[in-house]
1. When the dipole is taken about the Cα centre of the chain, and only Lys, Arg (+1) and Asp, Glu (-1) are charged at their Cβ, what size is it in debye, to the nearest 20?
2. Show me, for the stretch 98-106, the HN-Hα J-couplings you get by feeding each phi into the Karplus relation (A = 6.51, B = -1.76, C = 1.60, θ = phi - 60°), rounded to Hz, glycine and proline as x.
3. With a sphere of radius 11 Å drawn around the Cβ of ASP83, what net charge do the other residues whose Cβ falls strictly inside it have (Lys, Arg +1; Asp, Glu -1)?
4. Of the beta bridges DSSP finds with both residues in the stretch 40-117, what % are antiparallel, to the nearest 5?
5. Hey, what's the stretch 22-77 come to in accessible area per residue, 1.4 Å probe, Å²?
6. Quick check: with the 1.4 Å probe, what order do GLU6, GLU86 take by accessible area, largest first?
7. Using alpha-carbon positions, what is the distance between the centroids of the stretch 1-41 and the stretch 74-118, in Å?
8. Hey, any idea what the orientation-averaged projected area of the convex hull of the stretch 66-113's Cα atoms comes to, in nm²?
Amino acid sequence: QVQLVESGGGSVQAGGSLRLSCAASGYTYSRRCMGWFRHLPGKEREGVAGIDSDGSTSYADSVKGRFTISRDNARNTLYLQMDKIEPADTAIYYCAARVGGCVLGINRGDFAYWGQGTQVTVSS
């Protein structure tokens, strides 16, 4: 079975940094596109950052220049480095994997496997 487990969330002050991790198991992680999504209050889950099998990345406009997605294929782990965090970043963050071929993108409907989410709360 495909399992994705996020960790690293918590409370952080505006302007601070946080690194989220996603441990993947049960499938060929290195060949899959991966992504980070978040659920903000009152909104549908939205894409934050994506990464393909070669390490190319894509970001939502709201996080460009502040967040960095990366992967460690040897450890089957996905990361999201969050810098210059803002109160608007408060959300539940989810790790996700595409079900089919790896093409770069952060459209929610393209991702079939999801973690349980980790809460990030930003105070000002």
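The values are calculated or read from the model by the stated rules, or taken from the named source; none is laboratory data. Computed from a prediction, not measured in an experiment: that's the story for all the values here. A quick note on method: Cβ atoms are made from the backbone with ideal geometry, for glycine too, and the neighbour counts reach across all protein chains shown. For the accessible areas, the whole protein counts, side chains as well, though only heavy atoms, and no ligand, DNA or RNA atoms are used. Shrake-Rupley method; radii C 1.70, N 1.55, O 1.52, S 1.80 Å.
1. Working: 13 positive and 11 negative charges, 29 e Å.
Here the chain has a charge dipole of around 140 debye.
2. Values per residue, Gly and Pro as x: 6, 8, x, x, 8, 10, 5, x, 9 Hz.
3. Values: positive: ARG19, ARG66, LYS84; negative: GLU86, ASP89.
My count for the surroundings of ASP83 gives +1.
4. Numbers: 12 of 12 bridges.
Roughly 100 percent of the beta bridges in the stretch 40-117 run antiparallel, per DSSP.
5. Details: 2730 Å² over 56 residues.
Per-residue value: 49 Å².
6. Working: GLU6 10, GLU86 80 Å².
Ranking GLU6, GLU86 by accessible area, largest first, yields GLU86, GLU6.
7. Using only Cα atoms to place each centre, the spacing works out to 5 Å.
8. Over all viewing directions, the stretch 66-113 projects a mean Cα-hull area of 4.3 nm².
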